[in-house]
Amino acid sequence: MPNQAACRTTSEKPAGPALPESDDTVAKLPTWGKWTILFVVCWMTLPATFASSSIMTAVAEVATDFDVPAHVITTANAGVFIAMAVSALIWLPISSIIGRRPTYLLATIMLTLSSVSSVTSQSFAFFVTAWIFGGATGLYFLIAGQTILADTFEPTSRGLAVGLFLGSSVAANSLAGVKNQEAKCGSSDNYIIGSLRKFSPLDVFRLFKNPNIIMADFACGLLGFNQYALIASIRRVINPRFNLTTPLISGLFYLAPGAGFLLGSMIGGALSDRTVRQYIQKRNGLRLPQDRLNACLPAFFFLLPLGTLVFGWSLQLEVGGMVLPVISSFVQGFGLMWSFSGLNTYAAEVVPERRTAVISGKYIIQYCFGAGAVGAVVPMIDAIGVGWAFTITGLGATFGGVLVLAMIKKTLHVQSHKTIDDKLDNDADSCV
């Protein structure tokens with residue numbers, strides 16, 4: 001018979017950690033090396049973002065230059081975003097076959113060539129081809145950059161790094177408005193077959209079976225819809241309201257949300273890192289990827305919908321002059337990037353060994369939503385008004401917050417049941 005007192009004492013011990021921490025190793029680099037890498041990947045997002053977003057404030061002028069209707073330019077811009085989404089399925093296998101560094105250099109050369117081709121194009125068809133090509137190439141810098149940072153920075157400082165990276169990317173939208181492992185096979189035939197298999201999209205789509213991944217991707221998609229609805233509609237809603245006549249003057253209006261994008265990404269990333277450290281201390285060293293999502297909730301449910309609604313309805317009702325739309329667009333941009341920061345970092349942490357595929361899947365959904373916003377927001381504004389149009393985008397972003405909250409609650413539920421199961425197992429083992 002076991003000692004009953006010992007059995008009772010054992011049963012009263014607190015259960016151990018609920019879930020094991022994911023294997024999330026990072027490169028051992030000096031601090032200056034990490035920040036150099038951060039600077040390089042942030043810098044490369046600037047031309048990549050310009051390739052897809054620089055036309056948004058000059059749609060009418062580009063349409064005039066090529067003698068085509070303005071809606072054709074808008075449709076082509078939506079096509080660029082679709083190409084960006086699909087290109088994730090191409091760059092991922094290329095990176096797996098030849099390695100991340102050669103692929104990064106290849107994408108740099110291709111983006112340079114497409115940019116030069118866009119500038120020198122004499123026909124609309126050639127211009128659109130180069131534009132789509134540049135947008136599809138530029139996406140790799142977003143995927144690779146986020147993966148590189150996840151491999152470089154510790155989880156407790158990763159959020160700030162990803163926030164700075166994200167901030168440089170979305171700030172480039174505003175500036176645009178102003179103007180490693182390689183495959184090894186035993187034979188050449190097996191190598192060819194193995195290389196071709198890497199181009200199967202199933203490696204990305206199979207991850208969508210994970211409910212946390214698909215919910216995070218759709219939350220990012222809804223945020224992307226909100227972001228590009230704002231960016232794509234500014235000239236359409238600002239110019240008539242304040243009688244602005246040139247793309248340069250109306251483009252200056254992008255600086256307000258751009259400043260919000262930059263500050264929101266940095267502060268949101270830092271807050272997500274702080275939240276991770278708090279939960280590590282709370283759980284005696286255990287870290288869960290979902291922990292950092294708690295930092296996004298105030299932005300999802302307060303700042304982002306507030307800024308979106310005030311921006312739309314201040315223009316619809318013509319109140320507040322120019323000051324209110326400027327301030328509200330800053331708040332919207334701030335809340336948007338605060339929300340994005342935790343989700344982007346989470347995508348790199350949820351399945352560490354498959355983080356490139358997870359990030360690729362996120363961008364597929366995110367840019368599909370972005371394409372919908374670019375193509376639909378102006379017709380929607382013309383049909384129902386800017387106030388109701390931005391009410392829809394605000395509600396969509398809030399639903400993204402509901403998805404994030406569901407992910408957090410689901411993790412707590414699983415953790416609670418796992419803790420109870422571990423406690424019962426410990427009690428049974430101690431009493432045998």
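The values are calculated or read from the model by the stated rules, or taken from the named source; none is laboratory data. Note that the coordinates shown come from a computational prediction; the quantities given were computed from them, not determined experimentally. Heads up, the Cβs are rebuilt from the backbone with ideal geometry, glycines too, and the neighbour counts pull from every protein chain shown.
Mind checking which helices (runs of 4 or more DSSP H) fall wholly inside region 302-408 and carry at least 3 residues that are at pLDDT 90 or above and polar (S, T, N, Q)? Those helices (runs of 4 or more DSSP H) span 304-316, 323-349.
Remark: pairs (first residue in region 216-233, on the phi > 0 side of the Ramachandran plot and aliphatic (A, V, I, L, M); second residue crowded, with 24+ Cβ neighbours inside 10 Å and assigned to a helix (DSSP H, G or I); Cβ separation under 7 Å; 6+ apart in sequence or on different chains) are absent. Can you name the residue in region 61-90 that is surrounded by 22 or more Cβ atoms within 10 Å (Cβ to Cβ) and not aliphatic (A, V, I, L, M) and, of all such residues, is nearest to V204 (Cα to Cα)? This residue is S87. So which residues in region 266-320 are crowded, with 18+ Cβ neighbours inside 10 Å, of a type in the set (S, T, Y) and within 24 Å of D217 (Cα to Cα)? If the condition is that a residue be crowded, with 18+ Cβ neighbours inside 10 Å, of a type in the set (S, T, Y) and within 24 Å of D217 (Cα to Cα), then S272, T275, T308 are the ones that fit. When A48 is tested against (1) over 17 Å from the mean Cα position of the chain (by Cα); (2) at pLDDT below 80, only condition (1) is not met. Per the conditions (1) of a type in the set (A, V, I, L, M); (2) farther than 20 Å from A78 by Cα; (3) touching a Phe, Trp or Tyr at 6+ places or on another chain (Cβ under 9 Å), the sole criterion not satisfied by L105 is (3). The set of residues from region 116-160 being among the small types (G, A, S), farther than 15 Å from M84 by Cα and in a helix (DSSP H, G or I) comprises S117, S118, A125, G145, A150, S157, G159. Within region 114-164, the set of residues being more than 30 Å from D67 (Cα to Cα) and small (G, A, S) comprises A144, G145, A150, S157, G159, A161, G163.
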